[in-house]
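To start, the structure under review is shown below, and the notes come after it.
The values are calculated or read from the model by the stated rules, or taken from the named source; none is laboratory data. All values derive from a computational prediction rather than experimental measurement. Please note: Cβ atoms are built from the backbone with ideal geometry, for glycine as well, and neighbour counts cover all protein chains shown. Note: accessible area is taken over every heavy atom of the protein model, side chains too, but ligands, DNA and RNA are not part of it. Shrake-Rupley method; radii C 1.70, N 1.55, O 1.52, S 1.80 Å.
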Amino acid sequence: MSILVTGGAGFIGSHTVVELLNAGEDVVVLDNLYNASPESLKRVEEITGKTVKFYETDIRDRKGLDDLFANEKIETVIHFAGLKAVGESVYKPWEYYDNNITGTLTLIDSMRNHGVKNMIFSSSATVYGDPKVVPITEDAGKGNVTNPYGWTKWMLEQILTDIYNADKEWNVILLRYFNPIGAHKSGLIGENPNGVPNNLMPYITQVAIGKLKELGVFGDDYPTHDGTGVRDYIHVVDLAVGHVKAIEKIKENVGLEIYNLGTGVGVSVLDLVHAFESANGIKIPYVIKARREGDVATCYSDASKAKRELGWEAKYNIEDMCKDSWRFQQKNPEGY
Ligand code: NAD
Ligand code: UD1
């Protein structure tokens, strides 16, 4: 039996495929390559010395999905495929709802028609909205999100919960990621954003390599230790290993479970800038700008449930994340 990884050519997906293959799992990857290059899977093969079975298919392509499930013996789907650019989702809401919601509904329907009822879903800490208490536990309750991308995660969590409630043969694990950064130690795979990055770490690495002049720090008047926004940055390899643990868990017929995947450590924008500077010996020029709309002051996890129930905890620290992000950027100045 195999694991189907949708969006497996992307940033988190490619790292997860490496860890699954290293753990001896059989893996099938589906991706429409909208935000990925086939090169990432070649690099996965180089890292692992194993061949990756790949379907270039869209999750909205019902026939493509039916053919895949007919050809392969899939036990569990790890579902990464989706659009994820927060800002873009504000002016392209239809595209986000169509890709993420219609796509996932099509995938679920094809799965159940082929008797596949185990899903691990990529959710986000964004579903908590502006948290009332930190660190955030899974039972904190969902909040108001501020953009269509976030609503797709919020709604898909609800949809998967309702699917499970209606048919208890399903096993669903919702993984709420905090802020994934870093890259594989080899420097062969990593985050490869299109255009000017929206997220902090890829922006920093592009300043470091000289593609961008300086970092804009969005606000220094938040109620945090240095006034800049605090987040829970997690190494993408730790996140990938979290999925291997979730695969072990789902085999126990878990029903419906939710896990935070974070480090539990809050790091501010300026903390990250300074950590990057000292880890890599490079100065990152920055200017303070206005707050970015929709940002919260502080967001970090209580990840003790994942430790207790999955036997998982993050092992890489901020220095590792800074070094590994920079290694990938240096080795791949123009991306894949
Ligand atoms: P990514 O864009 O690198 O990976 C997503 C992959 O899905 C891409 O390879 C893309 O080509 C593919 N894809 C998109 N739409 C598809 C479709 N309709 N059919 C088939 N393939 C499709 O993003 P990522 O950072 O690896 O994120 C993976 C998942 O984790 C996403 O669902 C994302 O929303 C979620 N997530 C990411 C973060 C983050 O900070 N990176 C945080 C929380 C949650
Ligand atoms: C954002 C999304 C979140 C998504 C996550 C991963 C919002 C409101 N949230 O999280 O839904 O899951 O990305 O894709 O957009 N910052 C700067 N300058 C920059 C970029 C960022 O100061 O150029 C600051 C931000 O204000 C924030 C921190 O860095 O305080 C982290 O930002 P980012 O990497 O974009 O992640 P989030 O905003 O936490």
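Of the residues making up the range 56-76, those that are among the basic types (Lys, Arg) and over 22 Å from the mean Cα position of the chain (by Cα) are 62, 63, 73.
Only one of the numbered conditions (1) at pLDDT 95 or above; (2) over 16 Å from the mean Cα position of the chain (by Cα) is not met by residue 126, and that is (2).
Counting only residues that are touching a Leu at 6+ places or on another chain (Cβ under 8 Å), farther than 22 Å from residue 136 by Cβ and open to solvent by 20 Å² or more (accessible area, probe 1.4 Å), the range 263-305 holds 3 of them. Within the range 122-138, the residues that satisfy the criterion of being touching a strand residue (DSSP E or B) at 6+ places or on another chain (Cβ under 6 Å) and either among the acidic types (Asp, Glu) or away from ligand 2 (no atom under 14 Å from the Cβ) (or both) are 135, 138.
Given the structure, is residue 191 open to solvent by 30 Å² or more (accessible area, probe 1.4 Å), over 30 Å from residue 164 (Cα atoms) and not aliphatic (A, V, I, L, M)?
Here the answer is yes, as residue 191 does meet what is asked.
Considering the range 101-143, the residues that are open to solvent by 50 Å² or more (accessible area, probe 1.4 Å) and either hydrophobic (A, V, I, L, M, F, W, C) or part of a helix (DSSP H, G or I) (or both) include one that is nearest to residue 35 (Cα to Cα), namely 102.
If you check 98, 61, 31 for being within 25 Å of residue 174 (Cα to Cα), within 12 Å of ligand 1 (Cβ to nearest atom), surrounded by fewer than 15 Cβ atoms within 10 Å (Cβ to Cβ) and at pLDDT 95 or above, only one passes: 98.
Residue 206 meets all of the listed conditions (1) at pLDDT 95 or above; (2) over 19 Å from residue 280 (Cα atoms) but one, namely (2).
May I ask you to verify whether residue 236 is crowded, with 22+ Cβ neighbours inside 10 Å and either closer than 27 Å to residue 162 by Cα or touching a helix residue (DSSP H, G or I) at 6+ places or on another chain (Cβ under 6 Å) (or both)? The answer is yes for residue 236. Counting only helices (runs of 4 or more DSSP H) that sit completely within the range 177-281, those holding 3 or more residues that are within 16 Å of ligand 1 (Cβ to nearest atom) correspond to 200-208, 236-250. For the residues 177, 222, the requirement of being under 19 Å from residue 262 (Cα atoms) and either more than 8 Å from ligand 2 (Cβ to nearest atom) or open to solvent by less than 30 Å² (accessible area, probe 1.4 Å) (or both) singles out 177.
Select from the range 77-96 the residues that are part of a helix (DSSP H, G or I) and of a type in the set (Val, Ile, Thr) and list them in ascending order. Hits for the range 77-96 are 86, 90. Number of residues in the range 111-153 that are under 16 Å from residue 172 (Cα atoms) and more than 12 Å from ligand 1 (Cβ to nearest atom): the value is 8.
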